[in-house]
Every structure is written in C-alpha cells, then in structure tokens.
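The values are calculated or read from the model by the stated rules, or taken from the named source; none is laboratory data. Quantities reported herein were computed from a predicted structural model and do not represent experimental measurements. Glycine gets a Cβ as well: all are built from the backbone with ideal geometry, and neighbour counts include every protein chain shown. Heads up: the accessible areas ignore ligands, DNA and RNA and are worked out on the full protein's heavy atoms, side chains in. Shrake-Rupley method; radii C 1.70, N 1.55, O 1.52, S 1.80 Å.
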Amino acid sequence: ITLRGAAQTRDVVLAGKVVAVLPIDPARDEIVLIRQFRLPAHLANGRGDLIETVAGRVEPGEQPAETARRECAEEIGVKPDGLIELFTYLTTPGLTDEEVTVFLAAVDASRIPERTDAAGEQIDIVRVPVDAAIDALTLGTVRNGLLLIALQWLALNRGRIAELLRASNPA
C-alpha cells in the first residue's frame, strides 16, 4: 500500500469489530466478570487463565449494541436491563484492524449463574465488588487489556454511573 507518498509493507491481522461489555449491578455495587482459558496468553507467559469482560465479535449485519446484548446472554446468562455505549478504540493499530466498542451494562447480578457454556467456551462467572475490581488496578493484577481499560473508565466515572443509567433509560 502506498500512503502519504511512501510504500508500506506490513503484516496485518484482520480481526474487525469487537465489543467489550462491563456488566454492573449498581444496587449490589458489583461488576460481573468471566474467567476463561486463553491459549495465546498461555503461550505468551504460561498464565492463560484470565479474568475478562464479556466480549465478542460483531457478526455481519449486526450492530455493536446487538452484539453486546447477545454476548451478555451467552457469556453471563442474562441480557442487560440497560446498555450504554462508552467509547471505541483500536487495540493495536500497528498490528491489527481490531476496533473495540466498550459498553456498560446494567444487570441484576442475583440472576446470574456461576457458570455458562457459551458456544463451547468454558466460562466461570465472577461477581466482584467494585472496590475490589478498582483495587486490582493498583495491585497490577489485571492482565487483560479490555478489562484494564474498562476498569480505568469505571474508576474515573464511578460517581456518574447512576446518572448515566437513568439517562439511557428514561422513565
């Protein structure tokens, strides 16, 4: 490809559009995360058992919000009561075209099972107090980029969540 007058040759991973969803139960002050094994992480450092956000690829003809609702139902067993699009970013623009849209989803954590088997993935569900999740940032125990960015957003915007959810679902 020639861009800005210079020829460029690059290896590019074509991954497309993805959503990441941070499910939150404001009444219980908890977030809902998932734990699953990731072979590439295991190959990178031997620690493939990761805590993550709900996430998935946007299917052809599907809007990101539809994907977010579908992935919540598949991975944590419930559809969100409310859904807010937060922001979109490129994960590694020097390597891939993967673009992630991050959502905040209001859920009732009491309705969520301990485990799901979404599309053949073995997923354990983890309910975490918001304070503990934010503390994990300080402790450096978060190793998944999607979760790291979502928790940073949560730490910066925690005081506005009730207002954002009300605005997205006016009575």
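Answer yes if at least one residue in region 156-164 is open to solvent by less than 40 Å² (accessible area, probe 1.4 Å) and either in contact (Cβ under 8 Å) with a residue 40 or more places away in the chain or among the small types (G, A, S) (or both), and no otherwise. Yes, that holds for at least one residue. Cβ separations smaller than 7 Å between residues 6+ apart or across chains give no pair from region 30-56 residues that are without any contact (Cβ under 8 Å) to a residue 12 or more places away in the chain to residues that are of a type in the set (S, T, Y).
Pairs meeting the criteria (first residue in region 4-17 and among the small types (G, A, S), second residue loosely packed, with under 10 Cβ neighbours inside 10 Å, beta carbons under 8 Å, at least 6 apart or on different chains) are A7/I1. Looking across L139, L147, one residue alone is under 26 Å from Q63 (Cα atoms) and either open to solvent by 60 Å² or more (accessible area, probe 1.4 Å) or not charged (D, E, K, R) (or both). It is L147. Scanning region 85-126 for residues that are among the charged types (D, E, K, R) and in contact with a Leu (Cβ under 8 Å, 6 or more places away or on another chain) turns up D97, E98, E99.
Residues are listed down the side, and each one gets a yes or a no for (1) touching a helix residue (DSSP H, G or I) at 6+ places or on another chain (Cβ under 6 Å); (2) aliphatic (A, V, I, L, M); (3) within 30 Å of D11 (Cβ to Cβ):
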position	(1), (2), (3)
T67	no, no, yes
R70	no, no, no
E85	no, no, no
D97	no, no, yes
V100	no, yes, yes
E114	no, no, no
D131	no, no, no
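For V128, the conditions (1) more than 13 Å from I31 (Cβ to Cβ); (2) open to solvent by 20 Å² or more (accessible area, probe 1.4 Å); (3) in contact with an Asp or Glu (Cβ under 7 Å, 6 or more places away or on another chain); (4) modelled with pLDDT of 95 or more all hold with the exception of (1).
Can you tell me which residue is farthest from G16 (Cα to Cα) among those in region 72-90 that are touching a Ser or Thr at 6+ places or on another chain (Cβ under 7 Å) and surrounded by fewer than 16 Cβ atoms within 10 Å (Cβ to Cβ)? Among them, the one singled out is E85.
Every condition in (1) crowded, with 20+ Cβ neighbours inside 10 Å; (2) touching a Leu at 6+ places or on another chain (Cβ under 8 Å) is met by A65 except one, and the failing one is (1).
Inside region 11-34, residues that are open to solvent by less than 30 Å² (accessible area, probe 1.4 Å), in a strand (DSSP E or B) and aliphatic (A, V, I, L, M) make up a count of 10.
State whether the residues of region 35-49 include one that is farther than 17 Å from N144 by Cα and surrounded by 10 or more Cβ atoms within 10 Å (Cβ to Cβ). Looking through region 35-49, none of the residues is farther than 17 Å from N144 by Cα and surrounded by 10 or more Cβ atoms within 10 Å (Cβ to Cβ).
Here G120 meets each of (1) among the small types (G, A, S); (2) at positive phi; (3) at pLDDT 95 or above with one exception, condition (3).
In region 50-62, the qualifying residues are those that are among the charged types (D, E, K, R) and more than 12 Å from the chain's Cα centre (by Cα), and the one that is least open to solvent (accessible area, probe 1.4 Å) is E62.
Between R115, R111, R127, the distinction of being more than 17 Å from the chain's Cα centre (by Cα) and touching a residue at least 24 places away in the same chain (Cβ under 8 Å) belongs to R111 only.
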